[in-house]
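Reviewing the structure listed below.
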Amino acid sequence: MPSSDVLILGSGAAGLSTAIKIAMERSDLSIMVLSKTAAEESNTKYAQGGIAAVWNLNVDDFSKHIADTLDAGDDLSNPKIVEIVVEEGPKRVQEIINWGTRFDLGHDSKEYDLAREGGHSEKRILHYKDLTGWEIQRALLEKTKEYPNIKIAEHYFAINLLTQHHLGYQVTRVTPNIECYGAYVLNKNTHQIETFTSKVTVVATGGAGQIYRNTTNPVIASGDGIAMMYRAKGRCANMEFVQFHPTALFNPAGENPDFLISEAVRGFGGILKTQDGNEFMYNYDERGSLAPRDIVARAIDHEMKTRGEDFVCLDCTHLDKERFKDHFPTIYGKCMSLGIDPFKDMIPVVPACHYFCGGIYTDEFGKTSLDKLYACGECTCTGLHGANRLASNSLLEALVFGHRIAEDVITKIDDIHLKSGIPEWDEEGTTQPKEMVLITQSWKELKEIMSSYVGIVRSNVRLRRAMRRLDILYRETESLYNTTKLSPQLCELRNLITIGYLVTRSAKMRSESRGLHFTTDYPDKKAFLEDTLM
Ligand code: FAD
Ligand code: SIN
């Protein structure tokens, strides 16, 4: 039975920064980081645009970044959390620079080249070409090597959080003081399920974009942490606020994931147009192509539906070719590989699921509703994003909360003891899966249900229909789960169905339109505010 002082589920920006910050202060603590595939594979790695932070104090200040974040959040962000993240953000960014992260410099090669993205009133996005996430992931993984007390276990898939339930007690959503003792984990190399116990556990498992047909998220983004938390009877919140990025590359071949055309391209001067070349965003918002994402994605959805067209276009033909190629080498290369020359042709784009604003409910130290359990990064609902995330605020949130969790863990861990008596995983009565098609087909069905009925525009009828379909999938999958030996694919499907259920249920609970949640039955905002806590 592997045990550690700290067990961290996830090796993206959230998990690694938490591990590093704990290790920096406490070389005596054993820190186990699990990654369900290779350590570098994460949403973090694919981040393009950059990380937002108030940097150029000649023009920018905290109050502007705070106001932009609150404005995007459509009155549902927690102002205290927004202040914390914005004000602590520059320190955390400076730290990752000190740890070796490279950001592009401007023409003078002295100051960082700050970009602008939708909803930001100033240029404040630090970036490394269009590969910012790759660079941050690289630097963080490199930094972990300095700490012998951090162990990264690759291809270890966490299945369930351990609580009193596994000691034979009944645990319900109203049970007080539910504690977490670690996790059951599928070792993908041996196909055995191992019991990882820990004094504290940190869930940093990222998002869940894979519930939709079109998503910018890699296939690992199956909402495992949020689903585990829900099963452990912990609190999740605001799951209806699913962010669709306005500009994924139109992808008729059905590539998974969809390739992202960074918002920074619009910050650089790219303009959204209909296929016949008309700029349309000013019909929807005075900020035009740089309005916040919810507004742009809905506008594109509306244009596509009313025109009966499969995509709109991003016009970059007027932009400086050399600077564009230098700033966006990956985007340029991808377009050219498909025969799209961004300086001759408009780039065909569509909205795609991109980010979960809701998730595991935490306080300002990343503490969840379960004792000894923290959560960090995209799997959380910290209160920063409210009803809609401001571009490039998520990497920042991961770093700020990684630091805060470390501070809290360090002060508490000496009073916590490892739990003994957790039984080993029992797979008696299960058999090898016979037909993978049962899993792959259900996954396709889930994506269809969510994309057709719980997408950018919702209605009561669509949500009710989604619930009925999800219920069938849920029952079929539970039956498979109870009778077959576990595979990562089955666990992911099960988790994604839970996420689909949580998104749909939260959407049904919100009888108004706010931020990313738009329903034709209640097109206006309510005067009072509420989180959809579950
Ligand atoms: P991730 O980076 O996704 O890491 C999750 C980790 O958890 C992985 O290591 C995974 O293996 C592990 N894991 C998951 N499930 C399990 C399990 N069951 N057991 C064990 N391990 C598990 N944000 C910005 O701020 N700026 C941007 O420019 C930006 N661009 C983006 C571009 C794209 C294409 C995408 C997809 C996202 C972008 N985002 C951006 C969002 C941002 O990248 C993510 O929100 C952020 O990186 C999430 O970090 P994380 O550490 O929480 O999760
Ligand atoms: C992008 O580069 O457009 C993504 C930025 C983000 O999701 O924050």
Identity of the residue in segment 47-86, acidic (Asp, Glu) and either modelled with pLDDT under 95 or under 22 Å from the mean Cα position of the chain (by Cα) (or both), that ends up farthest from ligand 1 (Cβ to nearest atom): ASP75
Taking segment 117-138 as the search range and keeping residues that are surrounded by fewer than 20 Cβ atoms within 10 Å (Cβ to Cβ) and within 27 Å of ASP71 (Cβ to Cβ), which one is nearest to ligand 1 (Cβ to nearest atom)? LYS123
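Residues checked against (1) under 30 Å from LEU480 (Cβ atoms); (2) not in a loop (DSSP other than H, G, I, E, B):
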| residue | (1), (2) |
| --- | --- |
| ARG389 | no, no |
| VAL400 | no, yes |
| ASP414 | no, yes |
| PRO423 | yes, no |
| ASP426 | yes, no |
Starting from residues that are away from ligand 1 (no atom under 12 Å from the Cβ) and of a type outside the set (D, E, K, R), keep the ones in segment 245-255 and report whichever is farthest from LYS508 (Cα to Cα). ALA253
Give the number of residues within segment 248-265 that are at pLDDT below 95 and of a type in the set (D, E, K, R). 2
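Specify the residue that is surrounded by the fewest Cβ atoms within 10 Å (Cβ to Cβ); the eligible residues are those in segment 181-218 that are away from ligand 2 (no atom under 16 Å from the Cβ) and part of a helix (DSSP H, G or I). Spell out how you get there, then give the answer.
From segment 181-218, those away from ligand 2 (no atom under 16 Å from the Cβ) are 181-205, 210-211, 213; that's our starting set.
Right, trim to part of a helix (DSSP H, G or I) and you get 210-211.
On the way: GLN210: 26, ILE211: 31.
Among residues in segment 181-218 that are away from ligand 2 (no atom under 16 Å from the Cβ) and part of a helix (DSSP H, G or I), the one surrounded by the fewest Cβ atoms within 10 Å (Cβ to Cβ) is GLN210.
Identify all residues within segment 30-46 that are within 14 Å of ligand 1 (Cβ to nearest atom) and either over 16 Å from the mean Cα position of the chain (by Cα) or in a loop (DSSP other than H, G, I, E, B) (or both); write none if there are none. Write out each step before concluding.
To start, the set of residues in segment 30-46 that are within 14 Å of ligand 1 (Cβ to nearest atom) comprises 32-46.
Hits for segment 30-46 are MET32, VAL33, LEU34, LYS36, THR37, ALA38, ALA39, GLU40, GLU41, SER42.
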GLY366 fails exactly one of (1) under 16 Å from MET239 (Cβ atoms); (2) in contact with a Ser or Thr (Cβ under 8 Å, 6 or more places away or on another chain); (3) crowded, with 24+ Cβ neighbours inside 10 Å; (4) not hydrophobic (A, V, I, L, M, F, W, C), namely (1)
Does ALA227 satisfy the condition of being away from ligand 2 (no atom under 16 Å from the Cβ) and either part of a strand (DSSP E or B) or of a type outside the set (Val, Ile, Thr) (or both)? yes
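Whether any residue in segment 297-314 is within 27 Å of ARG458 (Cβ to Cβ) and within 15 Å of ligand 1 (Cβ to nearest atom) is what I want to check.
Initially, segment 297-314 is screened for residues within 27 Å of ARG458 (Cβ to Cβ), giving 297-314.
Still in the running and within 15 Å of ligand 1 (Cβ to nearest atom): 297.
Within segment 297-314, one or more residues are within 27 Å of ARG458 (Cβ to Cβ) and within 15 Å of ligand 1 (Cβ to nearest atom).
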Reported set for segment 139-158 where residues are more than 13 Å from ligand 1 (Cβ to nearest atom) and not in a loop (DSSP other than H, G, I, E, B) is ALA139, GLU142, LYS143, ILE150, LYS151
The conditions are (1) more than 16 Å from ligand 2 (Cβ to nearest atom); (2) within 30 Å of GLU309 (Cβ to Cβ), and HIS245 fails exactly one of them. Which is it? (1)
Among the residues of segment 21-56, what is the count of those that are surrounded by fewer than 20 Cβ atoms within 10 Å (Cβ to Cβ) and of a type in the set (S, T, N, Q)? 4
Segment 428-464, residues that are assigned to a helix (DSSP H, G or I), free of Cβ contacts under 8 Å to residues at least 40 places away in the same chain and more than 26 Å from ILE295 (Cα to Cα): VAL437, GLN441, LYS444, GLU445
Condition check for LYS419: within 23 Å of THR163 (Cα to Cα) and in contact (Cβ under 8 Å) with a residue 60 or more places away in the chain: yes
Output the number of residues of segment 256-304 satisfying the condition of being more than 12 Å from ligand 2 (Cβ to nearest atom) and among the β-branched types (Val, Ile, Thr). 4
Just one of (1) assigned to a loop (DSSP other than H, G, I, E, B); (2) more than 25 Å from LEU338 (Cα to Cα); (3) away from ligand 2 (no atom under 16 Å from the Cβ) trips up ALA221, so point out which. (3)
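Look through ASN78, ASN56 and report the one residue that is farther than 23 Å from VAL265 by Cα and away from ligand 2 (no atom under 16 Å from the Cβ).
ASN78
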Considering only residues that are among the aromatic types (Phe, Trp, Tyr) and within 16 Å of ligand 2 (Cβ to nearest atom), look in segment 349-363 and name the one that is surrounded by the fewest Cβ atoms within 10 Å (Cβ to Cβ). TYR355
Failed criterion for ALA115 (all others in (1) at pLDDT 95 or above; (2) of a type in the set (A, V, I, L, M, F, W, C); (3) under 17 Å from ASP61 (Cα atoms) hold): (1)
List the pairs whose first member sits in segment 212-231 and is without any contact (Cβ under 8 Å) to a residue 60 or more places away in the chain and at positive phi, whose second member is crowded, with 23+ Cβ neighbours inside 10 Å and in a helix (DSSP H, G or I), and whose Cβ atoms are under 9 Å apart, counting only residues at least 6 apart or on separate chains? none
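Just checking, which of ARG92, ARG116 is in contact (Cβ under 8 Å) with a residue 40 or more places away in the chain, basic (Lys, Arg) and farther than 21 Å from ILE331 by Cα? Outline the logic, then answer.
Values: ARG116 fails: farther than 21 Å from ILE331 by Cα.
Unique residue meeting the criteria: ARG92.
The values are calculated or read from the model by the stated rules, or taken from the named source; none is laboratory data. Just so it is clear, the model here is predicted, and its values are computed rather than measured. Cβ: placed from backbone, ideal geometry, glycine included. Neighbour counts: every protein chain shown.
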